[in-house]
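Since every read-out is calculated from the coordinates, none of them should be taken as a lab result. Since this is a predicted model, take the numbers as computed values, not measurements. As a convention, Cβ positions derive from the backbone with ideal geometry for all residues, glycine included, and neighbour counts pool all protein chains shown.
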Ligand SMILES: *Cc1c(COP(=O)(O)O)cnc(C)c1O
C-alpha cells in the first residue's frame, strides 16, 4: 500500500502516534469505563486531562504565570472580534499590519469596533513579502498592534517579532504556533485555531497577558470576555472536551520529540528541502520573497498551469493529497505542519522531480 501524506492547510494532518493512542483509549479512557467524549467536563477524569494539557502547553512555550492560557471555541475568527472587545476599553483605535488574506479579515472585523490604523501593508507586492519595519506608521495612542506572523494562504511568514514599545502586540498564530520556540513575553495576546498545528477543529487556544483581561466594551457577551473564561478555567460553559484531549496528546507528542527546538530543526529542514526543489527547477516557482517564506505553508506554481489538473491527479495517485492551492491564489500549496513527517516532504520532492521529467 502507498503511504498517504496529507498536505491540507487545515483541518490538517495529526501525528499518527497521537491518532493511534486516541484509538486505543477511545472506548475506555485509563480504565474509567468511559470515552473522553462521554465524560463530564467537571469530573475528575476530564479535569486531569485539561490540566495536564495546559501544563504541557505552558512547558512547551515556557509561558510565565503572568499569562492566562484559555481553551475556547469559535475559531481564530471569533478572536478577530474578541481581541478588540477586550483590549479596546479606554482607547478608540488599533494598529493592524496587513500582510494578506487573514490580516484583511481581522481588519474588517476590528472596523466594527474601532478606527483601524493600517500601519503597514504589503498589498502592492500581491502579499508576497513583509513590509519593512522602518516604514511602519505605528500610533502610540492605539490600544494594540495586531499582526499575522504566518499567512496561511499567501505563504509569507515574519522572521522577526515586531517591536511595539508599550503598546501590546497581538498575534494570530493559527498556522505557526508550536513550529519553533517563541518568546511569549514579547506579546500581549497570542491566539490560534487548533486545526492547523495543535489538534482537531473546534478548539481555539488563547494566551493573554493577565493585565489585559478584565475590562470589555459595553455589551460584550460573557462568552467573549477573556476574564470570565479565565475565572472559570475555560469552563464557563461546556468546552470542546474531545478536541482539548487530543490537543493534550499532541502536546505530549511534541515533548517526546524533544520539544520546540527539536521541532524547529526538523521544520526548517523540511521547508528547505521543498524550497530547494522549487528553486532548483525552471518548472516550479515560488511567488514569495525568499526572506519571508513560510516554514508551514508553501505555495508554488507550475510553468504551465494547464498541467495543474494532471499534477494534482497524479500526486493523489501517488498518495500525496490536498496539494491544490487556495482558490484565491491558484497553483499548488503544500502545508507541512509539525505532524508532516520528513518522509512526506521527501516523497513530494521526488514526485515533483519525476513529474517535471516526464511532463515539464
Ligand atoms: C485558518 C486561519 C484562520 C481561521 O481560523 P478559524 O479557526 O477557521 O476561524 C485565521 N487566521 C489564520 C492565520 C488561519 O490560518
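Table for the structure above
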| read-out | value |
| --- | --- |
| For the range 82-158 and the range 279-299, distance of Cα centres in Å | 24 |
| Fraction in percent of alpha-carbon pairs per bin - 10 Å, the range 259-359 | 15, 53, 28, 4, 0 |
| Radius of gyration and maximum dimension Dmax of the range 308-360, Cα, Å | 11.2, 31 |
| Overall dimensions of the range 141-204 by Cα: Rg and Dmax, Å | 12.1, 38 |
| Projected-area average for the range 1-110 over all orientations - Cα convex hull basis, square nanometres | 11.3 |
| The range 228-252-the range 1-79 distance, computed between alpha-carbon centres (Å) | 8 |
| The chain: mean projected area of Cα convex hull, nm² | 18.4 |
| For the range 197-244, the spread of Cα positions along each principal axis, largest first, Å | 32, 21, 16 |
| Cα-projected label distance for residue 40 with residue 118, points at 7 Å along beta-carbon direction, nm | 5.2 |
| Sequence of 37, 82 once ranked by neighbouring C-beta atoms within 10 Å, starting from the fewest | 37, 82 |
| For the range 65-215, alpha-carbon Rg over 2.2 N^0.38 Å | 0.96 |
| DSSP beta bridge pairing in the chain, given as percent antiparallel to the nearest 5 | 55 |
| Mean separation of Cα contacts under 8 Å (6+ apart) over length of the range 259-359, as relative contact order % | 30 |
| Point-to-point label distance, residue 305-residue 48, nm (Cα→Cβ direction, 7 Å offset) | 5.5 |
| Isotropic mean projected area of the C-alpha convex hull, the range 165-309 (nm²) | 12.6 |
